[in-house]
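A quick write-up on the structure given underneath.
The values are calculated or read from the model by the stated rules, or taken from the named source; none is laboratory data. Since this is a predicted model, take the numbers as computed values, not measurements. With ideal geometry, Cβ positions are generated from the backbone for all residues, glycine too; neighbour counts draw on all protein chains shown.
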């Protein structure tokens, strides 16, 4: 038997699986674009609702388009109320598990299975249901972090940032809503990350979009992807301010990973981290009680970059997102659900884009084991 020998590509690094019009990342320059718009421009001028529409439909919405989009999201939130009632009867410790269970239960209420016209997936139908799914996920997340169904019921037509703020922040104020809106924009997409790829693999089998999203959330629960967010928050909580330099020196001397530093794509300062760092500075100035998280983050960055900058390793978006959320009083275990809340728009956009020219994702493995072994009965082994 003749075997083919090729070198595998670990992590499928830089292997393209589709053309995309959604997100462009320049890792060398530290630039990020959604549908051709620079993230800085969207951060300064847009809202999360507009940005989600842009990612899904490829253009900024008109006032009429935006209102219709919101109406469909509100419909998804109302649907979520029925699902939340079922989820509340189950005993689950983890907020992400509550969201995943909710997505599975929601398949009874939301039809998101791909259909065909000839040999092509009817993408228009998926785009039509996407805003409803987005609203559903937002409501499930709000319940998952608050365990209070009234939060959703009383804010069915609130902005995305306000609903999240009411669920996360005990004393939700307008400044918190504004900051969360900006945070949601910068987290909304980042190309084919591990979670987006996991969702795309599932969707390529023509499974329900809800099951694809459940796979994306599962991918987040490993420490190498979204799990870094909670780890950064716990690190900032645990280290005394006066011990930051000692902590950084010890980590680097032992060649251990410093959570919140480095990115697989960016070889310069993450543009999203720059934007969130600016927000954290403003919020810390007006928040004496929780300012220490910001001071620790600044000290960590200062001491780490003395060594890491030469290696082109910089703080990433999770580092400053975790800091920002801590300053607002968001507990570490509730920070990763914020990522889910935001990134669902990007996940849906990538799933639907792939299904436009769908082919089941089925990579190969290169066999390196023996051949021709002879079976021996159990008693003779």
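Of all the criteria given as (1) touching a residue at least 40 places away in the same chain (Cβ under 8 Å); (2) within 14 Å of the chain's Cα centre (by Cα), the one not satisfied by residue 194 is (1).
Among the residues of the range 284-310, the one identified as within 19 Å of residue 339 (Cβ to Cβ) and at pLDDT below 95 is 293. Among the residues of the range 306-319, the ones that are closer than 21 Å to residue 219 by Cα and assigned to a helix (DSSP H, G or I) come to 3 in all. All of (1) in contact with a strand residue (DSSP E or B) (Cβ under 6 Å, 6 or more places away or on another chain); (2) surrounded by fewer than 23 Cβ atoms within 10 Å (Cβ to Cβ) hold for residue 273 with one exception: (2). Among residues that are in a helix (DSSP H, G or I), in contact with a helix residue (DSSP H, G or I) (Cβ under 6 Å, 6 or more places away or on another chain) and over 20 Å from residue 231 (Cβ atoms), residue 293 is not included. Each residue in the range 27-69 was checked for being in contact (Cβ under 8 Å) with a residue 24 or more places away in the chain, surrounded by fewer than 19 Cβ atoms within 10 Å (Cβ to Cβ) and not in a loop (DSSP other than H, G, I, E, B), and 3 of them qualify.
Remark: residue 252 falls outside the filter, which requires a residue to be without any contact (Cβ under 8 Å) to a residue 12 or more places away in the chain, more than 23 Å from residue 188 (Cβ to Cβ) and part of a helix (DSSP H, G or I). Scanning the range 320-346 for residues that are in a loop (DSSP other than H, G, I, E, B) and crowded, with 22+ Cβ neighbours inside 10 Å returns 328, 330, 335.
Picking from residues in the range 301-319 that are out of contact with any strand residue (DSSP E or B) (no Cβ under 8 Å at 6 or more places or on another chain) and in contact (Cβ under 8 Å) with a residue 60 or more places away in the chain, the one that is surrounded by the most Cβ atoms within 10 Å (Cβ to Cβ) is 318. One residue alone among 213, 224 is touching a helix residue (DSSP H, G or I) at 6+ places or on another chain (Cβ under 9 Å), within 30 Å of residue 107 (Cβ to Cβ) and at pLDDT 95 or above, and that residue is 213. Residue 203 meets all of the listed conditions (1) touching a residue at least 24 places away in the same chain (Cβ under 8 Å); (2) part of a loop (DSSP other than H, G, I, E, B) but one, namely (2).
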